[in-house]
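For reference, the structure discussed in these notes is given below.
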Amino acid sequence: MDQDKASPLGTAAAWIVAFLMFFPILWMTVTAFKTETQAIAIPPIVFFRPGMESFAHATAQAGYMLFAENSIIVSFASTLLALLIAFPAAYAMAFQPGKHTQNLLVWMLSTKMLPPVGVLVPIYLICRDLGLLDTRTALIVIDMLMNLPIVVWMLYSFFRDIPRDILEAARMDGVGPRKQMIYLLLPLASPGIVSAALLAIILAWNEAFWSINLTAAHAGTLATFIARYSAPEGLFWAKLSAASVLAVAPILVFGSFAQRRLVRGLTVGAVK
Amino acid sequence: MANLELRQVGKWYGNYEAIKSVDLSIADREFVVFVGPSGCGKTTLLRMIAGLEEITSGDLLIDGVHANAVPPDKRGLAMVFQSYALYPHMTVAQNMGFALKMAGMPRAEIDAKVGEAARVLQLEPVLGRKPRMLSGGQRQRVAIGRAIVRNPKGFLFDEPLSNLDAALRVQMRIELVKLHQALAATMIYVTHDQIEAMTMADRIVVLNRGIVEQVGTPLNLYHRPANLFVAGFIGSPKMNFFPGRVQRADASQVVLALAGGETFIVPGPESPPAVGTELTLGVRPEHFEMAAQGPLAGTVDVVEHLGVETLVYVRLASGAIVIVRTDDLSRVRVGENVSLALRAGRASLFDSSGAALFHAMPE
Ligand SMILES: Nc1ncnc2c1ncn2[C@@H]1O[C@H](COP(=O)(O)OP(=O)(O)O)[C@@H](O)[C@H]1O
Ligand SMILES: [Mg+2]
């Protein structure tokens, strides 16, 4: 009917909103290719000869590679750990639900509502006493815990889509829970597992609060990289923009590849 | 070898009693069909036998061994699910061999068993395909094949044909009966379709609201239903029921005053009911005939020509509809006035609780 056809006005409005939302990223990217003088010029310069000096500075002098390495290790390791723990948990909740399974799921998700700063001091002290300050281990564990509720939820909803009959048939065939997970759930839920993993990687990559507060020169991730960079070099817009582009680019590229998969993963069960 | 015995088996889901004290024994190699309307507890009972559902009360014995706590795979029973429950990511051959592989059987032996089952079920050409590339009938066969390769003592089927079209259903019905003869295994088959029950079963168990209403051979249930429920459930079209009251009764006949005002005579009761007793008269559609004179009179409402036979719906003066089954040459027309009489004196009487009092069956 009428609703299927977008009105020209609506389309224009959508484009404007999209442009407004995208503009900061666009401007940051443009600035990264400017010189410092061009970057602070008022009125802003739109046409200029792009240069790579700021990128060179960020990678060579500010130690981009170490932070990037930390980001990769922390996001992938925390995701792997979260999956290993969430998989059996979601299995139990989906296929052997108890009276309180639903409550448990909601409670797990509700922990995401807690402001992280509320537990900053205890966590900081724990890390200090365990000698885990400025280590990847601490970040891996914290990111894993942070993402666990979401990963459990996602796997749970994927498992719920697998017909129970199939697992019962396996039970009749003498296939125990562990073998069911390996031979049936793993292959059948693999699209869901991939979606959950993608989301967890992105969330861990973008996590800034804990990495800024718990790490310094050794285990800092790219979020820390930008934060630290903005302090001493705060006035150098071009270099800061270059650093930000370098921090954001990998996950943007990764995310755009993963996009379709992610949308499918997040809407599973919503539409049947 | 698999004989099963259920002793006062009951099932509670929370505070809902799905199965109420079922007693049943099933002999080795018997083909038993559980039939009943949707929601009566057939699946629940079958799943308790399979071990997929806990037995709340009572005992299950398999070959004389108490089996309530035996895990499903140790009961020697295989189940074929209504949805087939095939493993969608495995080929037909892998589906059928999965249980054996998990049990650690050597590859060559698995291949031999799967090959043999595929031959019996005519699945050889599709062994390499995934379930989604199969027709409904083939999927059904794979599900059966998966059960066969395990060489179980007994098979449990939960409405296995309900997802197939009518023609295929008739064909699979025959194949299953043949399979039962070939495998010489005990089979329990669940269906809501009384025609499937009648055509396949050695014995039928009629379930209703978690209760066993009657157990018997198909013809026994048809001719001697224990109560109104079984009488109405077995047979299609349904038996006609008429509420009435005993006017006179002796050893040769019962004279009934029907609620519509007609007087109806049923021959030969075993023990005559007391005068004034409220009864229900039951007459199957084929036990009526259109006669010049008869106790019931009405107008033809609908005529259905089925080829082999003709179903005539007669509206009585009281408004009640009576279904009459006549031969293919019936010339009745809609709107015609007809009288109905009992054919060969066949009729059933049920007391006010619904229990059968008497089935009139001369000769
Ligand atoms: N897991 C369950 N929890 C609660 N009630 C159930 C459950 N399974 C079945 N029931 C109820 O038990 C009754 C019998 O169900 P079922 O055995 O599936 O019937 P049938 O197979 O004869 O259609 C139904 O009323 C159904 O709602
Ligand atoms: Mg059922």
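The values are calculated or read from the model by the stated rules, or taken from the named source; none is laboratory data. Quantities reported herein were computed from a predicted structural model and do not represent experimental measurements. When we count neighbours, we look across all protein chains shown, and the Cβ atoms used for this are built from the backbone with ideal geometry, even at glycine.
Summary table
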{"item": "From B:VAL70, B:VAL9, residue being within 14 Å of chain A (Cβ to nearest Cβ) and either more than 16 Å from ligand 1 (Cβ to nearest atom) or part of a strand (DSSP E or B) (or both)", "result": "B:VAL70"}
{"item": "Residue check, B:LEU329 aliphatic (A, V, I, L, M) and within 25 Å of B:TYR222 (Cα to Cα)", "result": "no"}
{"item": "Any chance B:ALA69 is of a type in the set (Gly, Ala, Ser) and either in contact with a Gly (Cβ under 8 Å, 6 or more places away or on another chain) or crowded, with 18+ Cβ neighbours inside 10 Å (or both)", "result": "no"}
{"item": "Residue within segment B:3-10 that is within 16 Å of ligand 2 (Cβ to nearest atom), at pLDDT 95 or above and within 20 Å of the chain's Cα centre (by Cα) present", "result": "no"}
{"item": "Residue under evaluation B:LEU61, criteria (1) within 14 Å of chain A (Cβ to nearest Cβ); (2) more than 16 Å from ligand 2 (Cβ to nearest atom), criterion not met", "result": "(1)"}
{"item": "Candidate set from segment B:133-152 (those that are within 13 Å of chain A (Cβ to nearest Cβ) and not hydrophobic (A, V, I, L, M, F, W, C)); member that is nearest to B:ALA103 (Cα to Cα)", "result": "B:ARG150"}
{"item": "Criterion (crowded, with 20+ Cβ neighbours inside 10 Å, among the hydrophobic types (A, V, I, L, M, F, W, C) and in the same structural domain as B:VAL212 (by TED's automatic domain parsing)) met by exactly one of B:LEU296, B:LEU340, B:LEU256, B:LEU228", "result": "B:LEU228"}
{"item": "Those residues of segment B:48-58 which are within 14 Å of chain A (Cβ to nearest Cβ), more than 13 Å from ligand 2 (Cβ to nearest atom) and assigned to a loop (DSSP other than H, G, I, E, B), in sequence order", "result": "B:GLY51, B:GLU54"}
{"item": "Filter result (more than 8 Å from chain A (Cβ to nearest Cβ) and within 20 Å of A:LEU186 (Cβ to Cβ)) within segment B:87-103", "result": "B:MET90, B:THR91, B:GLN94, B:ASN95, B:GLY97, B:LYS101"}
{"item": "Segment B:234-253, residues that are closer than 25 Å to B:VAL302 by Cα and either at pLDDT 95 or above or surrounded by 14 or more Cβ atoms within 10 Å (Cβ to Cβ) (or both)", "result": "B:ILE234, B:GLY235, B:PRO237, B:LYS238, B:MET239, B:ASN240, B:PHE241, B:PHE242, B:PRO243"}
{"item": "Verdict on B:GLN122 being of a type outside the set (Val, Ile, Thr), surrounded by fewer than 15 Cβ atoms within 10 Å (Cβ to Cβ) and assigned to a loop (DSSP other than H, G, I, E, B)", "result": "yes"}
{"item": "Test for B:THR91: is it within 16 Å of ligand 2 (Cβ to nearest atom) and either basic (Lys, Arg) or assigned by TED's automatic domain parsing to the domain that holds B:PRO218 (or both)", "result": "no"}
{"item": "Residue within segment B:40-47 that is closer than 21 Å to B:TYR16 by Cα and within 10 Å of chain A (Cβ to nearest Cβ) present", "result": "yes"}
{"item": "Residue among B:GLY128, B:GLY145 that is in contact with a Ser or Thr (Cβ under 7 Å, 6 or more places away or on another chain) and assigned by TED's automatic domain parsing to the domain that holds B:SER83", "result": "B:GLY128"}
{"item": "Those helices (runs of 4 or more DSSP H) lying entirely in segment A:158-252 with at least 1 residues within 30 Å of A:LEU139 (Cα to Cα), away from every other protein chain (no Cβ under 14 Å) and of a type outside the set (Asp, Glu)", "result": "A:190-206, A:209-214, A:222-230"}
{"item": "Residue match in segment B:130-140 (condition: within 22 Å of A:ARG171 (Cβ to Cβ) and crowded, with 24+ Cβ neighbours inside 10 Å)", "result": "yes"}
{"item": "Search result, residues across segment B:28-42 that are surrounded by fewer than 19 Cβ atoms within 10 Å (Cβ to Cβ) and over 11 Å from the mean Cα position of the chain (by Cα)", "result": "B:ASP28, B:ARG29, B:SER38, B:GLY39"}
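To keep it simple, each residue is scored yes or no on (1) in contact with a His (Cβ under 9 Å, 6 or more places away or on another chain); (2) closer than 17 Å to A:ILE166 by Cα; (3) charged (D, E, K, R).
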position: B:GLY36; (1), (2), (3): yes, no, no
position: B:GLY39; (1), (2), (3): no, no, no
position: B:THR56; (1), (2), (3): no, no, no
position: B:ALA85; (1), (2), (3): no, yes, no
position: B:VAL92; (1), (2), (3): no, yes, no
position: B:MET102; (1), (2), (3): no, yes, no
position: B:GLU109; (1), (2), (3): no, no, yes
